[in-house]
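The values are calculated or read from the model by the stated rules, or taken from the named source; none is laboratory data. As the structure is a computational prediction, the values presented were derived from the model and not from experiment. Note that each Cβ is placed from the backbone with ideal geometry, even for glycine, and that neighbours are counted across all protein chains shown. Protein only, heavy atoms only, side chains kept; ligands, DNA and RNA dropped before computing areas. Shrake-Rupley method; radii C 1.70, N 1.55, O 1.52, S 1.80 Å.
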Amino acid sequence: MTIPPFPVDEPAVSDEEWEARAESVWANEFFPDDQFGFAEAAEAAHASGATRVVASVERWLTDQRHRENLVERWVESVALAAKLQAAQAEILAEAQDLARDGASTRHDDLSIRSLAAELAVAVRMSDRTLEQHMNDAAMLRDRFAATLDEMRGGRMSRPHAQVIVDEGQRLADDEVRAEYERLVLKRRAHLTTGRLRAMAKSIAEQLDPVPMAERHRVAREERRIAMRDLDDSMSELWALIPTPLAHGIHDRITQMGRSIRDAAAAPADADPDAGAEAAAGAAAADERTLDQLRADVLCDLLLTGHATTAGVDRDGGEGIDAFRAIVQITVPVQTLLGDDSAVPTLAGTPIDADSARRLVAGATLWHRILTDPCTGEVRAVDRRFPLEAQRVFLRARDEHCRFPGCRQPVWRCDADHTIDHQYGGPTATCNLAHLCRRHHTLKGSTAWRVEQRDAGILVWTSPAGRAYTDTPAPMLRFIPAGASPPT
């Protein structure tokens, strides 16, 4: 079988296993007291003419086999696409070599442009786009050979490879870049492009010989606001600002938007004597999506100083002033002591040490997190005030929803019991993990199942019987102090 781009922990379910599952479903559904063995149950069902039971089990078995077949075909098609894209990358890199070899230094760009135009016309593409593809392909082949080899084997998709290239291309030293690629490839199994980017960015940050403080000082000088007019009387307002400010702004306008949306039905709820017409009017008072609310709140704040004009008329914005942005930041103790070699992270994104120290200095409450020095696993959390210590531990460990690929932040997730409390699951960190509402519902209402293993590692099993492992983000991006190559 073709090796899939995202390895699974267990093979596809065999026909014998499906038969066993069907027998179990049949016996448990129609003979819950288990007063018969399955053979006796089947004999009794057939003897009584229970053809509906037989048809139901056969249909269930057929559907499950069809589902597994679909998953297999999909995985193989993605692996095949990765192999073809690797071949395309090699062709385009070779084309760039050919153009450079046949050109003088003075006309190097023109030679590449000419060959890119010929290749583009042959497949009805833009020559500018194809020229960019040639540059990307050459970088992938020459500077990230191990990543290209993963694509050749069908073990990594082109978007995943592009993430590795994007985050690692700033590492100019060959040894440092090779170590970055090795560490990322070692940890990339089961990660979506979003999670892979966060992990790769953190590893690149730790290995970069240029200090974050120096790069941040240069980058901060580029902060700006830009506007671009679009179609249909719409425009795009874009800001390049420091990461802590961007996260804080986004979270604050999100809170305000949710508050406005939740308040739409409040008058009807507060007045039990309100008629049906008033209740219907309140329910329909605000049908904007959260994205629309965020955009409207931002405009109102910038133009009037308040989230809504109603807020200005009612209380001058005092209610809005009660909102405070939530900033989830992890600061190594070395950073607090003035050592900038350890990299702080804001919700998994590396930030400069000075910004981290300013955020900590202004915090009214913060937590000490103890990690394993060999693996990066969160071992314990304590805080000055004994309030929800387990939740603090889980926020530090999980950072986001723990369904594979989901990056919904923990403060918008539920702390879910892996083994339901009603079935004896303990309220302990070894049995708790953050799930967003979407994936919490998926776990409780579908055939998806999850098992929590040591160190907070979750193993999800799909309805088709495939297992996918989700490892806590701090363990993925952790690098032992002695692992960095010489600079």
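The condition (being under 25 Å from Tyr468 (Cα atoms) and part of a helix (DSSP H, G or I)) is satisfied by just one residue among Val121, Val163: Val163. When you look at Gly154, is it under 30 Å from Ala99 (Cβ atoms) and in contact (Cβ under 8 Å) with a residue 24 or more places away in the chain, yes or no? Yes: the conditions hold for Gly154. Looking only at the stretch 143-179, residues that are under 29 Å from Ser77 (Cα atoms) and open to solvent by less than 60 Å² (accessible area, probe 1.4 Å) come to 21 in all. The single condition among (1) at pLDDT 90 or above; (2) basic (Lys, Arg); (3) within 20 Å of Gln390 (Cβ to Cβ) that Arg449 does not meet is (3).
Residues that are of a type outside the set (S, T, N, Q) and either open to solvent by 60 Å² or more (accessible area, probe 1.4 Å) or without any contact (Cβ under 8 Å) to a residue 12 or more places away in the chain (or both) within the stretch 297-306 comprise Leu298, Cys299, Asp300, Leu302, Leu303, listed in sequence order. Those helices (runs of 4 or more DSSP H) of the stretch 287-354 in which 3 or more residues are at pLDDT below 65 occupy 309-315, 318-321.
Can you report the number of residues in the stretch 413-457 which are under 15 Å from the mean Cα position of the chain (by Cα) and either β-branched (Val, Ile, Thr) or open to solvent by less than 60 Å² (accessible area, probe 1.4 Å) (or both)? Here the count works out to 5. Return the only residue of Thr243, Thr192 being within 21 Å of Thr330 (Cα to Cα) and either in contact with a His (Cβ under 6 Å, 6 or more places away or on another chain) or in contact (Cβ under 8 Å) with a residue 60 or more places away in the chain (or both). Selected residue: Thr243, the only one of Thr243, Thr192 that is within 21 Å of Thr330 (Cα to Cα) and either in contact with a His (Cβ under 6 Å, 6 or more places away or on another chain) or in contact (Cβ under 8 Å) with a residue 60 or more places away in the chain (or both).
Out of Glu72, Glu131, Glu58, Glu90, which single residue is open to solvent by less than 70 Å² (accessible area, probe 1.4 Å) and under 30 Å from Gly465 (Cα atoms)? Steps first, please.
Numbers: Glu131 fails: under 30 Å from Gly465 (Cα atoms); Glu58 fails: open to solvent by less than 70 Å² (accessible area, probe 1.4 Å); Glu90 fails: under 30 Å from Gly465 (Cα atoms).
That would be Glu72, the only listed residue that is open to solvent by less than 70 Å² (accessible area, probe 1.4 Å) and under 30 Å from Gly465 (Cα atoms).
Taking the stretch 230-255 as the range and being outside any loop (DSSP other than H, G, I, E, B) and either of a type in the set (Gly, Ala, Ser) or more than 24 Å from the chain's Cα centre (by Cα) (or both) as the test, the residues that pass are Ser235, Glu236, Leu237, Ala239, Ala246, Gly248.
Specify the residue that is farthest from Gln408 (Cα to Cα); the eligible residues are those in the stretch 199-229 that are in contact with a strand residue (DSSP E or B) (Cβ under 7 Å, 6 or more places away or on another chain) and part of a helix (DSSP H, G or I). Here the answer is Met212.
Residue by residue through the stretch 107-127, note down the ones that are hydroxyl-bearing (Ser, Thr, Tyr) and open to solvent by less than 70 Å² (accessible area, probe 1.4 Å).
Ser111, Ser126
Go through the residues of the stretch 222-236 one by one and say whether even a single one is open to solvent by 20 Å² or more (accessible area, probe 1.4 Å) and touching a residue at least 40 places away in the same chain (Cβ under 8 Å).
Of all residues in the stretch 222-236, those open to solvent by 20 Å² or more (accessible area, probe 1.4 Å) come to 222-236.
Going one step further and asking which of them are touching a residue at least 40 places away in the same chain (Cβ under 8 Å), we end up with none.
Checked against the condition, which is being open to solvent by 20 Å² or more (accessible area, probe 1.4 Å) and touching a residue at least 40 places away in the same chain (Cβ under 8 Å), the stretch 222-236 yields no hits at all.
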